[in-house]
1. Based on the mean of other beta carbon atoms within 10 Å per residue, what is the order of 40-53, 19-32, most packed first?
2. Excluding residues fewer than 8 places away in the same chain, name every one of the aspartates and glutamates whose C-alpha is closer than 19 Å to that of Lys57.
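Any read-out appearing in this document is the output of simple, stated calculations on the displayed coordinates, not a laboratory observation. As the structure is a prediction and not an experimental result, all values here were calculated from the model. Heads up, the Cβs are rebuilt from the backbone with ideal geometry, glycines too, and the neighbour counts pull from every protein chain shown.
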Amino acid sequence: MTLPLNARPRELARAVAIAKRVRTACEAVQRLYPRQFDPSLGGMCEVASLAVLRLLKRSGIKARAVLGEYRMWPHLWVEAAGHVIDVTATQFKEIARNDKVHVEPIPNRRYFKGKRYFRTCHCKDWATPDVDKAVEDVMRRALRASSLSLRKAA
């Protein structure tokens, strides 16, 4: 895979490691609320993406959450280190189920920042109180489940 010029491999690796921890936490939350979220994490893109975004920002990685479309479906994902980082991509049939955190270079053909849904968000100005509570729960689980360091890389 060829990295775009603006990508930093070390930063991307840290971002993906954080996203994997969030994915694991989201799977635990999904098991607690099976009626609200399906096992592929469908319906959880907002919670998962905002948790990834906040943890990336805490660790000093520039990132943004983007509301757009994935193959014509409204979807929220994170862009960091020149890549789309999608924790809930397994809800889409064409993404392999073993690809827990989907990473693609920007730009790409699957993720579309369409006029209808496009919005770039910055943490607090996006979330409602219920979503914010769920995001905090996912973040707490992600941090507790690992020795994840959020310190900025030197």
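1. In decreasing order of mean packing, 40-53, 19-32 become 40-53, 19-32.
2. Cα-Cα hits under 19 Å: Glu11, Glu46, Glu79, Asp86, Asp125, Asp132, Glu136, Asp137.
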